Amino acid sequence: MAADALHFRRPPRGRWRRFLPLAGTVFVLWVRWRWLRLRRRIARSELPEATHRFHLSAARAMVRRAVRQQGLIMKTCQFLGSRADILMEEYVETLSLLHDAVPPRPWSQMRRVIERELGGRVEELFAAFDTTPVAAASLAQVYRARLHDGTGVAVKVQYPGIEQIVRSDLRAIRLLANIWSRLETAIDFRAVAAEMERNAPEEVDFVHEGHAAEEIAALLGARADVVVPRIYWERSARRVLTMDYLDGIKITDVDALQRAGIDGAQVAQTLIDLYNVMVLRHGMFHADPHPGNLLVLPPLHAGGPARIGLVDFGLTKRLPEAFRQQVVVLTSAIIAQHRAEIAATMEGMGFRTRDRDEETYHALGEAFLGDVLRSGRAYADQALFAEVNVRLGRVLRANPLVQVPGDVILIARVMGLLSGIGRTLDSRTDLLESLIPYLEEESAGEVAG
């Protein structure tokens, strides 16, 4: 895997050249999974060691396929790697490596994109331009440069041909998710596929991303503990985005944070509060908070809190106002364990089960939030996840989910990513205590209204 990450190989192009290798990998893993289940049935045992080996091997096979395919296949695997609520630890830990495994494209390819999009030579457009990328992601890579007025900037450049690759990958992911749903009932990936399909067009439109960054900056503008880079529109277009360069520490680099005298627990608390503000108060949030998109910067003033820099707004979600209010109501109902209200709110949000049953919705609410609030453990705590999964699996086998709102998938993904970061930073934030002010704020607003 390391060798794959070090050397760029042109990703396959064309619908079938992208679909067949992916389908082959999925088919082989499915056959191996069926064989393992048969062995477990014959042995009348869960065969824990063999099960662990299978899942670890399957996760590594997914990483290898994603690195070779690149494009939306890599982004989908990154997305799945953040879903501790639906996938086992072997997948969460292994797929998370993909954030650092993207092979950078040659400068000769990327230069052509910049010059075609901005209508000039790189040497004329920028006072200085470092042709070695500082980051490579699934759809684009980032360079460091300097404007003619001396401003240090980051220049995000989309990979050539990536829009065609994304369209092919969306068809492949949709087809495989539909086939999988006919073969397996334990996990239905169709909702994930639908969410990827909704978000992908915006993620390859950097004009949309730039405006999303500006909207988030306006929402959080009064806070001294967050930084959103300014967008330079005169050096931006659909496939090139130029913004302030944030010189910070990767949020999960605990050693670097300690050397800088920054308290990781305070950073984790700030991060949770930022997302409470974005989701619960404003209904618009940065939906891709993996460690590569979160930087820690020094405080503005001595003794002040360290600041969090948010980058990459390609996946930014605006919740409809009614849905945002339903999220608040659902959170309050889960905390209070009001089963009838949980069921009614979840149905209003778009959840559907085969048979309407309050117990199923209550189990979903506990898995989504209730258990972590009452246990004091992290949302993505693997022991907690295993316990919840057993209970939830029992309920859903009797009354399966047939519809899940896409916005909830993104919120669950964000919670999983934040929890993983919180564990790394040794977070001591009481999640229930952090939520209460925003729930009370909404209640007070309703009374005032």
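Tabulated values for the structure
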| quantity | calculated |
| --- | --- |
| Selected residue [loosely packed, with under 15 Cβ neighbours inside 10 Å, outside any helix (DSSP H, G or I) and free of Cβ contacts under 8 Å to residues at least 60 places away in the same chain] from ARG41, ARG10 | ARG10 |
| In the range 385-429, the residues that are under 25 Å from PHE323 (Cα atoms), modelled with pLDDT of 75 or more and more than 22 Å from the chain's Cα centre (by Cα) | ASN399, PRO400, LEU401, VAL402 |
| Subset of the range 254-280 [of a type in the set (D, E, K, R) and touching a residue at least 40 places away in the same chain (Cβ under 8 Å)] | ASP263, ASP273 |
| Residue in the range 114-121 that is within 25 Å of HIS290 (Cβ to Cβ) and assigned to a loop (DSSP other than H, G, I, E, B) present | no |
| Residue in the range 155-188 that is farthest from ILE231 (Cα to Cα), counting only those that are of a type in the set (Gly, Ala, Ser) and in a helix (DSSP H, G or I) | SER181 |
| Cross-chain or 6+ apart pairs with Cβ under 7 Å, the range 98-126 first and free of Cβ contacts under 8 Å to residues at least 40 places away in the same chain and not assigned by TED's automatic domain parsing to the domain that holds ALA61, then part of a loop (DSSP other than H, G, I, E, B) and surrounded by fewer than 17 Cβ atoms within 10 Å (Cβ to Cβ) | TRP107/THR131; GLU115/ARG121 |
| Options VAL113, VAL63; residue that is at pLDDT 85 or above, in contact with a helix residue (DSSP H, G or I) (Cβ under 7 Å, 6 or more places away or on another chain) and closer than 30 Å to ARG144 by Cα | VAL63 |
| Positions within the range 291-344 being among the polar types (S, T, N, Q) and farther than 16 Å from ILE436 by Cα, in sequence order | ASN293, THR316 |
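The values are calculated or read from the model by the stated rules, or taken from the named source; none is laboratory data. Because the structure is predicted, anything quoted here is derived from the model rather than measured. Here the Cβ is made from the backbone with ideal geometry for all residues, glycine too, and neighbour counts use every protein chain on show.
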